[in-house]
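The values are calculated or read from the model by the stated rules, or taken from the named source; none is laboratory data. What you see is a predicted model; the values in this text were computed from it and never measured. Backbone-built Cβ (ideal geometry, glycine too); neighbour counts: all protein chains shown.
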Amino acid sequence: MRPIITLTTDFGINDPFVGIMKGVILNIAPSAEIVDITHSIEPQNIHQAALILNATYPWFPRKTVHVVIVDPGVGGNNPTEKKASKTGGPGPVIRRAMLVKSKYQTFIGPDNGVLTSALYPDSRAYEITNKKYFLNNVSNTFHGRDVFAPCAGWIASGIAHAKMGPRVLKPVCLDFPQPQLKGTTLQGEVIHIDHFGNLTTNISDELIRETFPTSATMTLQIGRRRINELVTGYYQVKVGQPGAIINSWNQLEIFCREDNAQKVLKARIGQAVTLKAN
């Protein structure tokens with residue numbers, strides 16, 4: 001099977017950045033199949049990129065290489081170096097480039113939290129420092145081209161992960177908001193809004209099943225709007241009306257049939273959602 005490399009970025013599609021990365025990869029691994037996950041991550045939105053990766057990678061074959069580039073800290077690669085501030089104090093820690101080898105797949109990106117979903121106890125993380133596997137001239141603004149894309153090409157070609165650099169023992173791991181059970185109410189929040197305006201929450205189908213009896217009916221509250229049941233299909237709600245469903249991520253989703261729930265409900269990322277058994 002041809003090696004598979006996926007790309008997830010905040011680069012958009014109006015500039016040549018994604019195409020350039022593909023060219024670099026194909027120069028190193030000509031037989032690679034490159035899959036675009038999305039290039040519409042909100043600029044610098046590390047949490048969104050991590051969520052998209054978490055929803056995506058389980059559907060890919062073994063040995064897939066996932067490249068995630070949402071990199072506000074581009075230009076830095078030394079995790080111990082601190083920039084001096086104008087007042088002489090330490091500045092922010094400069095992020096490093098990182099590769100994570102899980103049991104079945106490989107993940108490449110900045111060590112800023114975007115690879116959180118790959119950081120299982122049995123995963124091995126490596127800092128990408130071996131310039132042998134970089135392009136010759138590394139820019140300060142495009143590590144996607146000069147560092148991450150070449151690394152992906154070499155890994156897909158069979159180069160050992162450990163050759164990229166030393167182990168990373170404490171990679172950056174994001175703390176995602178967790179729903180809370182208070183009495184008979186699950187309190188969660190909106191964590192993702194898709195192209196259609198559907199609102200994915202952090203309340204999972206598994207958690208709902210663990211918390212409430214299977215015979216229970218549910219009431220969902222978001223802002224001032226109350227939704228009185230969970231449906232199993234969008235068609236079960238009247239056109240223009242909001243509803244709640246378990247989506248393909250196995251998460252509780254709020255939608256508005258043939259309309260945009262984000263606009264109709266004036267919703268935002270982080271907005272509180274409560275689910276209660278009647």
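Kindly indicate whether G223 is on the phi > 0 side of the Ramachandran plot and not hydroxyl-bearing (S, T, Y). Yes. Counting the residues of the range 15-71 that are in contact with a Gly (Cβ under 6 Å, 6 or more places away or on another chain) and farther than 25 Å from F176 by Cα gives 4. Taking the range 111-227 as the region of interest, none of the strands (runs of 3 or more DSSP E) fully inside it holds 2 or more residues being small (G, A, S) and touching a strand residue (DSSP E or B) at 6+ places or on another chain (Cβ under 6 Å).
Scanning for something crowded, with 19+ Cβ neighbours inside 10 Å, at pLDDT 95 or above, within 19 Å of the chain's Cα centre (by Cα) and over 18 Å from A29 (Cα atoms), does the range 120-138 turn up at least one residue? Taking every residue of the range 120-138 in turn, at least one turns out to be crowded, with 19+ Cβ neighbours inside 10 Å, at pLDDT 95 or above, within 19 Å of the chain's Cα centre (by Cα) and over 18 Å from A29 (Cα atoms). Applying the condition of being touching a strand residue (DSSP E or B) at 6+ places or on another chain (Cβ under 7 Å) and part of a loop (DSSP other than H, G, I, E, B) to the range 12-57 and asking which residue is farthest from I159 (Cα to Cα) yields I41.
Restricting attention to the range 139-160 and to residues that are surrounded by fewer than 16 Cβ atoms within 10 Å (Cβ to Cβ) and modelled with pLDDT of 95 or more, the residue that is nearest to A32 (Cα to Cα) turns out to be S157. Taking the criterion of being among the β-branched types (V, I, T) and exposed (fewer than 12 other Cβ atoms within 10 Å of the Cβ), the only residue of the range 218-236 that qualifies is T232. Does L7 count as under 12 Å from the mean Cα position of the chain (by Cα), in a helix (DSSP H, G or I) and either crowded, with 21+ Cβ neighbours inside 10 Å or modelled with pLDDT of 95 or more (or both)? Taking the combined requirement at face value, the residue does not satisfy it. When the criteria are applied in full, G188 meets the requirement of being modelled with pLDDT of 95 or more, outside the structural domain of G113 (by TED's automatic domain parsing) and touching a Ser or Thr at 6+ places or on another chain (Cβ under 6 Å).
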